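> Please find one structure pasted underneath; my questions will follow.
The values are calculated or read from the model by the stated rules, or taken from the named source; none is laboratory data. From a predicted model like this one, the values you see are computed outputs, not experimental measurements. All Cβ positions, even for glycine, are placed from backbone atoms using ideal geometry, and neighbour counts span all protein chains on display.
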Amino acid sequence: MKPIYTILLLAATMALAATLMAKENTDKKSDRLLRHVVAFKFKSSASKADIEKVVDAFSALPDKIKEIKKFEWGINNSPEGLNKGCTHGFILNFHSEKDRDTYLVHPDHKAFGSLLGPHLEDVFVIDFWAEN
C-alpha cells in the first residue's frame, strides 16, 4: 500500500474511533442524574402537624418546579444510629447542574424554605451524579 493511502486510512480510522467514543460519552451522560439528597432534623418544638406541613410543601415542589425530574422521601429507619438526629430524607433528581441551580433559587423553593425555617434544627445536603 502506498504511504499516502496508509496515512489516510489511519486518519479515517482515528476519526471514526473518536466519533464513536464521543457518542458513547454522550449516551453515558444522558443515563446519569444529579441526585440532590437532603436530610432534616426538626426542632423538638415542631409538632407532627408542623412536620406534615413541611413534608407536604416539599412534596408539592415537583409540580411547581419543572426542573425536578424525580422526587422521593421517607422517614429514617436505619438501625445504625448514625443519622445525627435527622429523621426525614428527601432525594430530588435533576438532569443537569443548571437545572439544580435553577431549583435552588426558584421562588417556590425559597417559599418552602420560609415555611421550613421555624421548624428546622439542622439540615444535611449532598449532591452527586449517579447512573439512572
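> When both residues are 6+ apart or on different chains and their Cβ atoms are under 9 Å apart, which pairs have a first residue that lies in region 98-116 and is assigned by TED's automatic domain parsing to the domain that holds residue 49, and a second that is in a helix (DSSP H, G or I) and among the hydroxyl-bearing types (Ser, Thr, Tyr)?
Listed pairs, sorted by first residue: 109/103.
> Grab the strands (runs of 3 or more DSSP E) fully contained in region 20-132, keeping just those with 2 or more residues being surrounded by fewer than 17 Cβ atoms within 10 Å (Cβ to Cβ) and modelled with pLDDT of 95 or more.
Numbers: elements: 32-42, 70-75, 88-94, 120-131.
So the answer is 32-42, 70-75, 120-131.
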